[in-house]
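Working notes for the structure below.
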Amino acid sequence: MENSLISVIVPVYNVEPYLRRCLDSIISQTYRNIEIILIDDGSTDGCPQICDEYRERDARIAVFHTGNHGLSAARNLGIDHARGEWIMFVDSDDWTEPDYCRLPYEAAVEHDADLVIFSIILEGSTEESQKQDNNISGVLSAREAVVNGRPAAWNKFYHRSLFNVVRYPEGRLFEDIATTHRIIYQAKKIIFLNERLYHYRIRKDSLSHKKDKRFYRELYRAYLQRYEDLLSYGFPREKMEQKMLSESLHFLLRMEPGDDPLLARADAIVSAYTGETDCLGSLEQDTLKVWRMDKQLFHFYYRIRGWKIDDAHEEEIAHLNP
């Protein structure tokens, strides 16, 4: 049952030590009717040569060499060139199981679904790598899919029509957090397949560990957009306000005071919050109290606490959990 072409889009940027394993896992798929679209996003290492080498080895591979425009632009370019009825994404430092394409395709056909979400394996964390996603399967509502499906591009099997309206925001980081829920709400029928088909590699040198002011601004902006969208989709206001409070506190902790519209937005969210605080951890609750007492003391306080609150938040950033 291989009637439909599946387009597997792989953005590539400076991942030479990992790229061959990634590509080997894709060309070895048990579902053979695939095209593999490699977008070399201005790599400065050996990735361009590896991409061309694999194109010579396998006629199903197409390679596009571009300047460094970022992950969103690479994914969008891949979508533009995709010929398949179905679309999947693989990050070029990760790898896939042999049935990564076949099992979601069969689930989509069996259930007449236009979106299939599946479980993953987190590689590089001894505790988390043994955990599957939530023990669910079958048909999900859009809300259930947002809550249980991770805001990531790479653990999903999309009908190409889902990208007729929604594309990834170019020039931004954390494009998945800002976009995936919108794609989910385009879907007519969603299936969760409780099979671990994708290996997500946790790397200390990856984007999620390169933290500067732009990193934190982009992360906060993506989360704000996500929670505001979810409010418009009918998610509980109290829950979303609690999420926004937590993200706003972390953003304020990570940034220096200054004339920044996002800082002003975070300030307003924290200052206006009047709901319950038991949703916060004990360190976050302490920090909120300091913020309300004295904002200057707040910015001194987080330094003497040694970034403990920020450390507690790392897991969510690294794994792009909802």
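Where a number appears in this text, it was derived from the coordinates with a stated rule and is not lab data. It should be emphasised that the depicted structure is a prediction, and the values quoted were computed from it without experimental measurement. Glycine gets a Cβ as well: all are built from the backbone with ideal geometry, and neighbour counts include every protein chain shown.
Key figures for this structure:
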item: Exposure proxy ranking, count of Cβ atoms within 10 Å, fewest first, for PHE163, PHE157; result: PHE163, PHE157
item: 5 angstrom amide H check on GLU195, placed H, neighbours 5+ away; result: SER119
item: Which listed pairs, of LYS156/LYS213; LYS243/LYS295; LYS189/LYS239; LYS156/LYS239; LYS213/LYS295; LYS188/LYS243, have C-alpha distances above 23 Å, in listed order; result: LYS156/LYS213; LYS189/LYS239; LYS156/LYS239; LYS188/LYS243
item: Qualifying GluC sites (Glu not before Pro) in region 218-283, DSSP loop, other Cβ atoms within 10 Å at most 15; result: GLU276
item: Residues HIS199, HIS81, HIS181 arranged by fewest to most Cβ contacts within 10 Å; result: HIS81, HIS199, HIS181
item: Percentage relative contact order, region 6-204, counting C-alpha pairs under 8 Å, at least six apart; result: 27 percent
item: Mean Cα-pair separation over length for region 1-41, i.e. relative contact order, pairs under 8 Å, 6 or more apart, %; result: 68 percent
item: Pairs of alpha carbons in the chain whose separation is greater than 28 Å (percent); result: 43 percent
item: Sparse-neighbour loop sites [trypsin sites (Lys or Arg not before Pro); region 166-264; at most 10 other C-beta within 10 Å; DSSP]; result: LYS204
item: Counting DSSP beta bridges with both ends in region 6-204, the antiparallel % (nearest 5); result: 30 percent
item: Per-residue Cβ neighbour rank within 10 angstrom, fewest leading, TYR100, TYR31, TYR198, TYR18; result: TYR18, TYR31, TYR198, TYR100
item: Highest-fluctuation residue, GLN29, GLN296, GLN285 considered, GNM on the chain with Cα pairs under 10 Å; result: GLN296
item: Prolate/oblate/rounded label for region 11-170 (Cα gyration tensor, a/c 1.5); result: prolate
item: Calculated from backbone phi, Karplus (6.51, -1.76, 1.60) coupling profile of region 35-52 in Hz, x at Gly/Pro; result: 10, 10, 9, 9, 10, 7, 8, x, 4, 10, 9, x, 4, x, 5, 5, 4, 5
item: Karplus-derived HN-Hα couplings along region 71-83 (A = 6.51, B = -1.76, C = 1.60, θ = phi - 60°), whole Hz, x at Gly and Pro; result: 5, 4, 4, 5, 5, 4, 5, x, 4, 4, 9, 5, 9
